[in-house]
1. Being under 21 Å from the mean Cα position of the chain (by Cα) and part of a loop (DSSP other than H, G, I, E, B) is the requirement here; does A:R197 meet it?
2. What single numbered condition from (1) in contact (Cβ under 8 Å) with a residue 24 or more places away in the chain; (2) more than 30 Å from A:Q129 (Cα to Cα) fails to hold for B:D67?
3. Where residues in the stretch A:108-125 are open to solvent by 10 Å² or more (accessible area, probe 1.4 Å) and within 14 Å of chain B (Cβ to nearest Cβ), which of them is nearest to A:L5 (Cα to Cα)?
4. Does the stretch A:202-229 hold any residues that are in contact with a Ser or Thr (Cβ under 7 Å, 6 or more places away or on another chain) and outside any loop (DSSP other than H, G, I, E, B), and which are they?
5. Restricting the stretch A:292-322 to residues that are of a type outside the set (A, V, I, L, M, F, W, C) and within 27 Å of the chain's Cα centre (by Cα), which is surrounded by the fewest Cβ atoms within 10 Å (Cβ to Cβ)?
6. Output the residues belonging to the stretch A:323-362 that are within 12 Å of chain B (Cβ to nearest Cβ) and surrounded by fewer than 19 Cβ atoms within 10 Å (Cβ to Cβ).
7. Sort through A:Q283, A:Q249 and tell me the only one that's without any contact (Cβ under 8 Å) to a residue 12 or more places away in the chain, polar (S, T, N, Q) and open to solvent by 70 Å² or more (accessible area, probe 1.4 Å).
8. Are there any helices (runs of 4 or more DSSP H) wholly within the stretch A:230-302 with 2 or more residues that are within 24 Å of A:H367 (Cα to Cα) and at pLDDT 95 or above, and if so which?
Amino acid sequence: MNEPLLRELVPAVIGVLVRRGADFAAAEDAVQDALVEAVRGWQDGPLRDPKGWLITVAWRKFLDAARAETSRRHRELRVESEPVPGPGGPADDTLQLYFLCAHPSLTPASAVALTLRAVGGLTTRQIAQAYLVPEATMAQRISRAKRTVSGVRFNQPGDVATVLRVLYLVFNEGYSGDVDLAAEAIRLTRQLAAVTRHEEVAGLLALMLLHHARRPARTAPDGRLVPLAEQDRGLWNTRLIAEGVDVLQAALARDRLGEFQAQAAIAALHADARTAEETDWVQIVEWYDELVRLTGNPVARLNRAVAVGEADGARAGLAALAGLDPALPRHTAVAAYLHERAGDPVTAARLYAEAARQASSLPERDHLTRQAARLNAQLRG
Amino acid sequence: MMAKYLLLKHYRGAPAAVNDVPMDQWTPEELSAHVRYMADFAARLEGTGEFVDGQALSPEGTFVRYDGEGRPPVTDGPFAETKDLIAGWMVIDVETYERALELAGELSAAPGAGGKPIHEWLEVRPFMAHQHTVIE
């Protein structure tokens, strides 16, 4: 049985169990157990009705656990008599599950872990490997998160924005080990887009697709980071780009702009340029203006300064940079880049070295050190 | 979002602790209380989903370096004059830098001589991320 295919069924199956009266935490455990059994037992071939099978097995596991719990506590099993009221249907269940796992009472890390398990159907071990922590630590993080949301009613309306933040965090984690979190984030966002017509869900999905399309070009075979301008555009995934552009255009047509749509529009303009020189920087600056207007985010202002540097020249870029807080992450790196473009390699080399010391990731530090080394070698002649 | 920090404990190289009595001068009960505190601390962090790793190091180390093709590596030391000597570490995965400082503060309160907190200086070092943020 195809494991990703199986994992797609998880939210709906949890929904069925909750509707039959199971509490979320117990339903989630039961579905995980059923999933493990399915992966173990279905090696001979697929079942005709995997969803029906999962529901049956998960419900049985839930009842077994509930009975054990009941006999421990000497109280009656009342589950079947308390169905959850409210609108039904698998789409609603799936959406409710996203809301619950991204509930505002959870810290971002707990929300991420819970979403990957209860919506994504990943095992605790897989999540632990992806985040490079011991399995016991991740198990505790997940069970604490479940306790935190145990009082939340399953049919409460939630906030799409908190769900999008969680999915964005998962996507940005990229991939390490055998779980591709970026691909998983895309799958979960696609699934969310199928059950809600929110423009920003489409915006985030488009943004992810457009960035994911460039992944093969973003790192050299030796692991080196390749900046956008130097990427081999032949390596970009044109199918993902086309899909991202379609999703974005449909969202923009509804005329309810949000930050993810604006970011996706910028990514789409990059994707649209056959060479770095053909990039429509004037339009990109306009989209950054929108993004700054929508969010006031200082990082958006910083990126805008880079775009201004390309559209109107490095001096204009430096002028746009001048008003920003130098303590912003990557401020020094942007300053170094703009100084080099403005014809000041001495300052640029010094700033690149400084930016490398401030970098928070290894690929970024190595990239910035290489820039400094390149300029210093040039300066020595 | 979660970030990993190394809490470093030094045999040598950190400023002197407030309760600066060498461990071999403690009573057996004080030693047991200290060991228990460390184990409880790690268990508690596992419970909060923040524990990654913890190890203690032997103070006796050897310096090693490459000595050319086909030759065995050169070893030297230990050097009594080496300023920095690591005693052990704990790796935590926490939501904020402030939380890392808070936990380091608690770890520094481990009991020592007289059952009083050692108040030793721990070094807090952020991990470099392996992964570059995907969205540029």
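1. Numbers: under 21 Å from the mean Cα position of the chain (by Cα): yes; part of a loop (DSSP other than H, G, I, E, B): yes.
It is true that A:R197 is under 21 Å from the mean Cα position of the chain (by Cα) and part of a loop (DSSP other than H, G, I, E, B).
2. (1)
3. Looking only at the stretch A:108-125, we keep the residues that are open to solvent by 10 Å² or more (accessible area, probe 1.4 Å), and these are A:108, A:110, A:117, A:123-125.
Then drop every residue that is not within 14 Å of chain B (Cβ to nearest Cβ), which leaves A:108, A:110, A:117, A:124.
On the way: A:P108: 27, A:S110: 25, A:R117: 15, A:T124: 18 Å.
Here the answer is A:R117.
4. First pass over the stretch A:202-229, keeping only residues in contact with a Ser or Thr (Cβ under 7 Å, 6 or more places away or on another chain): A:204-205, A:208, A:225-226.
Those that are in contact with a Ser or Thr (Cβ under 7 Å, 6 or more places away or on another chain) and outside any loop (DSSP other than H, G, I, E, B): A:L204, A:L205, A:M208, A:L225.
5. Quick first cut of the stretch A:292-322, residues of a type outside the set (A, V, I, L, M, F, W, C) only: A:293, A:295-298, A:301, A:303-304, A:309-310, A:312-313, A:315, A:317.
Next cut, within 27 Å of the chain's Cα centre (by Cα) only: A:293, A:295-298, A:301, A:303-304.
Details: A:R293: 12, A:T295: 15, A:G296: 9, A:N297: 13, A:P298: 15, A:R301: 19, A:N303: 20, A:R304: 24.
If we take residues in the stretch A:292-322 being of a type outside the set (A, V, I, L, M, F, W, C) and within 27 Å of the chain's Cα centre (by Cα), then A:G296 is surrounded by the fewest Cβ atoms within 10 Å (Cβ to Cβ).
6. A:P329, A:R357, A:Q358, A:S360, A:S361, A:L362
7. Details: A:Q283 fails: without any contact (Cβ under 8 Å) to a residue 12 or more places away in the chain.
Answer to the selection: A:Q249.
8. Values: elements: A:238-252, A:259-272, A:281-295.
Those helices (runs of 4 or more DSSP H) span A:259-272.
The values are calculated or read from the model by the stated rules, or taken from the named source; none is laboratory data. Remember, it's a predicted structure, so these values are computed and weren't measured experimentally. Note that each Cβ is placed from the backbone with ideal geometry, even for glycine, and that neighbours are counted across all protein chains shown. Accessible surface areas use protein heavy atoms only, side chains included; no ligands, DNA or RNA. Shrake-Rupley method; radii C 1.70, N 1.55, O 1.52, S 1.80 Å.
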